[in-house]
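Notes follow the structure.
The values are calculated or read from the model by the stated rules, or taken from the named source; none is laboratory data. Treat the numbers as computed from the prediction; the structure is a model and nothing was measured. Every residue, glycine as well, gets a Cβ built from its backbone with ideal geometry; the counts of neighbours run over all protein chains shown. The accessibility values were calculated without ligands, DNA or RNA, using every heavy atom of the protein model including side chains. Shrake-Rupley method; radii C 1.70, N 1.55, O 1.52, S 1.80 Å.
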Amino acid sequence: MKLIIRSTLQLTFIMLLMAPLPALAIPAITCHCFTDRSYDPARPTMADPYFLATSQNSFFAAAFKIDKKMIVMKKQRGVSATDLWVSHWLASKTGTDPESLLQARKTKATWQQVITPLRVPEKAIGKQFAEALKANAADDRLADLVVDELLLRFRLYGEAELGTMRKAGAGNQEIILASLIAFKTRQPPSALYHEVKKGSKSWGTQLTYADIAPAEIQKEYEGLINRNR
């Protein structure tokens, strides 16, 4: 009898180990740590992931007037960048607590299901965003719309140049970082992006040329945004 019980327990344990992670309800943890955080001419691209991530976080913090450490902490706990963009943008438009929106998103299949009960007027969130919600657009698309709206509002891009960057395939991190370097160097963001894509320069090289220290990126964005807020 003991042998049967022991065998049953062993089989149950093995089945648990083989179960998919969602079934075990293990939260996703996103590592937001970077070993390379400074530009090295001998390895010009090594710190680019950090420069891109910290630029996005810095712009986010400046745009929504929140602590950048909170953003990093949320990402480390598994909250996606897309959900952060959408939740904080909707909160700014509706007066809702962004944390409550994030919690609601965990139990809803789409952001449309989150916002519908709030009965937010289309005028408050904009026609383009409202149409994207109704069409059940992917979360990435919603986040792109948020980033575009903020960049245009703070005059870091013109519509034509922003459209050029999107058509070229630039993501939110690249578009955001390019906006700062472009402002400092008076070069078109698309030209900076293409130099990186073709491998002639790295983002670290661009920052060094623009005389932007990584530690000063957040202050740089705060200055730009506060000037045009």
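Kindly state, to the nearest 0.05, the FRET efficiency for F34 paired with K197, given R0 = 22 Å and r defined as their beta-carbon distance.
Efficiency, from the Cβ-Cβ distance: 0.55.
Which aspartates and glutamates, on any chain, are close to K198 with Cα under 20 Å apart, when same-chain ones fewer than 8 places away are left out?
Within the straight-line cut-off, K198 pairs with D40, D48, E161, E174.
Give the aspartates and glutamates whose C-alpha is closer than 20 Å to that of K167, dropping any in the same chain fewer than 8 places away, or say none.
Answer for K167, where 20 Å is the Cα cut-off: D139, D140, D144, D148, E149, E159, E195, listed by chain and number.
Sorting check: for 51-58, 138-145, which peptide has the highest mean count of neighbouring beta carbons within 10 Å, and how do the rest follow?
51-58, 138-145
Give me the net charge for the shell around S38: Cβ to Cβ below 15 angstrom, other residues only, Lys and Arg +1, Asp and Glu -1.
Residues close to S38 contribute a combined charge of -3.
Kindly flag which residue pairs out of K65/K219; K75/K108; K74/K134; K75/K106 have an alpha-carbon separation exceeding 22 Å in this structure.
Working: K65/K219 12 Å; K75/K108 19 Å; K74/K134 27 Å; K75/K106 15 Å.
From K65/K219; K75/K108; K74/K134; K75/K106, over 22 Å: K74/K134.
Can you check what the net charge comes to around L102, using other residues whose Cβ is under 13 Å from the Cβ of L102 (Lys, Arg +1; Asp, Glu -1)?
Numbers: positive: K74, K75, R77, R105, K106, K108; negative: D83, D97, E99, D139.
It works out to a net charge of +2.
So for the pair K108, Q128, with labels modelled 7 Å out along Cα→Cβ, what separation do we get in nm?
Each label point lies 7 Å from its Cα, and together they span 2.2 nm.
Would you mind calculating the relative contact order of the chain from Cα pairs under 8 angstrom and at least 6 residues apart, reporting the percent as a whole number?
With pairs under 8 Å counted, the relative contact order is 25 percent.
Quote to one decimal, in nm, the extra length available between R153 and D97 on full extension: 0.36 nm per residue of separation minus the C-alpha distance between them.
17.9 nm
In a shell of Cβ-Cβ distance under 13 Å around A132, excluding A132 itself, what net charge do Lys and Arg (+1) and Asp and Glu (-1) give?
Once positives and negatives cancel, what remains is -4.
Give me a comma-separated list of calculated 3J(HN,Hα) values for the range 104-120, in order, Karplus coefficients 6.51, -1.76, 1.60 applied at θ = phi - 60°, integers in Hz, x for any Gly or Pro.
5, 4, 5, 9, 10, 6, 9, 5, 4, 5, 6, 8, 3, x, 7, 6, 7
Just to confirm, what accessible area per residue do you get for the chain at 1.4 Å probe, in whole Å²?
Per-residue value: 57 Å².
Just checking my list (1) 37, 26, 15; (2) 37, 22, 13; (3) 30, 25, 14 against semi-axes √(5λ) of the Cα gyration tensor in Å computed from this structure; which label fits?
(1)
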